[in-house]
Amino acid sequence: MPRLLVFQHVAIETAGTLDPFLRRSGFRLRYVHFERRPDSDPDPRRYDGLVVLGGSMNVDQADAFPHLKTEIEVLKEALAREMPILGICLGAQLLANALGAAVHPAPVREIGWYPLQASPSAGDDALLRHVTHGQHVFQWHSYTFALPADAVHLASTATCANQAFRFGSSAYGLQFHPEVDRDMIASWLSVPAWRAELEELEGPDHARQVHADTHRYIGPATEAATRVFDEFAALFRRGPRFRALDSR
């Protein structure tokens, strides 16, 4: 039974649909909730893979959130061990930083549903081949990252060049949120400070638009995410040698 380490930063930003999928697939999950225990110092050597979720903080706020430095060191160790890694939103930015890439404010904040533009490499990628060109995905971020050296660019949007990448054969960074469901999005929209950020971006009607878009896009997005998660789980059925062969 694979053991998976999951980093959570904010109580309201859970693993969403990813959690029950992994449990049904036979994974043992150990959550490290840094909001509750910011001094946690997990040892990745005890686990088979790593998932790093999103959060409301940014990579350049390590003085206020020292656990970000801990997470980057864990990511570096996991990369050295060729462990499967899935970084989502903040998790993707932390992964990019661990690989030496810059993380900085995005020229445009993305909040809501945006069509994903798959790169030519996505069609041959185990995970991203399941996200079709033009597939609407959910976003909530104000920072972005440069593509790490030697990483494979997999997706963008019209307003964010780096939406997905793979490093090696089994480390993935996804700027968008494949794990969300209706209830999760509704809970984010109910947070006054987060709703204010949303309204600052597009005005008071934007929240209603996000609700309407969620009704329209959540079904296909969830179907695509399930296929992505299934391929991520399949990485654990192959050792590093076979993952390396797959990536050639």
Next item on the list: Please specify each residue of the range 112-131 satisfying the condition of being closer than 18 Å to ILE85 by Cα and either in contact with a Pro (Cβ under 9 Å, 6 or more places away or on another chain) or among the small types (Gly, Ala, Ser) (or both).
Entry: ALA122, ALA126
Notebook entry, point to check: How about the range 52-78: which of its residues are assigned to a helix (DSSP H, G or I) and surrounded by fewer than 19 Cβ atoms within 10 Å (Cβ to Cβ)?
Noted result: ASP60, GLN61, LYS69, ILE72, GLU73, LYS76, GLU77
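Residue by residue, here is whether (1) within 12 Å of LEU128 (Cα to Cα); (2) touching a residue at least 12 places away in the same chain (Cβ under 8 Å); (3) β-branched (Val, Ile, Thr) holds:
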| site | (1), (2), (3) |
| --- | --- |
| LEU198 | no, yes, no |
| VAL210 | no, yes, yes |
| ALA224 | yes, yes, no |
| PHE229 | yes, yes, no |
Item checked: Residue within the range 138-156 that is surrounded by 22 or more Cβ atoms within 10 Å (Cβ to Cβ) and β-branched (Val, Ile, Thr) present -> yes
Next item on the list: Among the residues of the range 118-141, count how many are outside any loop (DSSP other than H, G, I, E, B) and either without any contact (Cβ under 8 Å) to a residue 12 or more places away in the chain or not β-branched (Val, Ile, Thr) (or both).
Entry: 14
Next item on the list: Enumerate the pairs (first residue in the range 20-35 and within 21 Å of HIS9 (Cβ to Cβ) and among the hydroxyl-bearing types (Ser, Thr, Tyr); second residue anywhere and modelled with pLDDT of 95 or more and outside any loop (DSSP other than H, G, I, E, B)) with beta-carbon separation below 6 Å, excluding pairs fewer than 6 apart on the same chain, so at least 6 apart or on different chains.
Entry: TYR31/VAL6; TYR31/GLN8
Check: In the range 79-98, which residue that is in contact (Cβ under 8 Å) with a residue 60 or more places away in the chain and in a helix (DSSP H, G or I) is surrounded by the fewest Cβ atoms within 10 Å (Cβ to Cβ)?
Finding: LEU79
Note to self: For the range 100-110, check the following and say yes or no: at least one residue is within 13 Å of the chain's Cα centre (by Cα), among the basic types (Lys, Arg) and assigned to a strand (DSSP E or B).
What the structure shows: no
Checklist line | Enumeration of residues in the range 212-234 that are of a type outside the set (Val, Ile, Thr), surrounded by 15 or more Cβ atoms within 10 Å (Cβ to Cβ) and either at pLDDT below 95 or closer than 23 Å to ARG109 by Cα (or both) | finding: ASP213, TYR217, ALA221, ALA225
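Which of the residues spanning the range 142-156 are within 21 Å of VAL131 (Cβ to Cβ) and either free of Cβ contacts under 8 Å to residues at least 24 places away in the same chain or outside any strand (DSSP E or B) (or both)? Step through it out loud before you land on a result.
Here is the first cut: in the range 142-156, the residues within 21 Å of VAL131 (Cβ to Cβ) are 144-145, 147-148, 151-156.
Within the range 142-156, LEU147, PRO148, ALA151 meet the criteria.
Is it fair to say LEU198 is buried (at least 18 other Cβ atoms within 10 Å of the Cβ) and at pLDDT below 95?
On the way: buried (at least 18 other Cβ atoms within 10 Å of the Cβ): yes; at pLDDT below 95: yes.
In short, yes.
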Check: Based on what the data block shows, is PHE138 of a type outside the set (Val, Ile, Thr), under 16 Å from GLU223 (Cα atoms) and either in contact with a helix residue (DSSP H, G or I) (Cβ under 8 Å, 6 or more places away or on another chain) or modelled with pLDDT of 95 or more (or both)?
Finding: yes
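The values are calculated or read from the model by the stated rules, or taken from the named source; none is laboratory data. What you see is a predicted model; the values in this text were computed from it and never measured. Here Cβ is always computed from backbone atoms with ideal geometry, including for glycine, and neighbour counts include all displayed protein chains.
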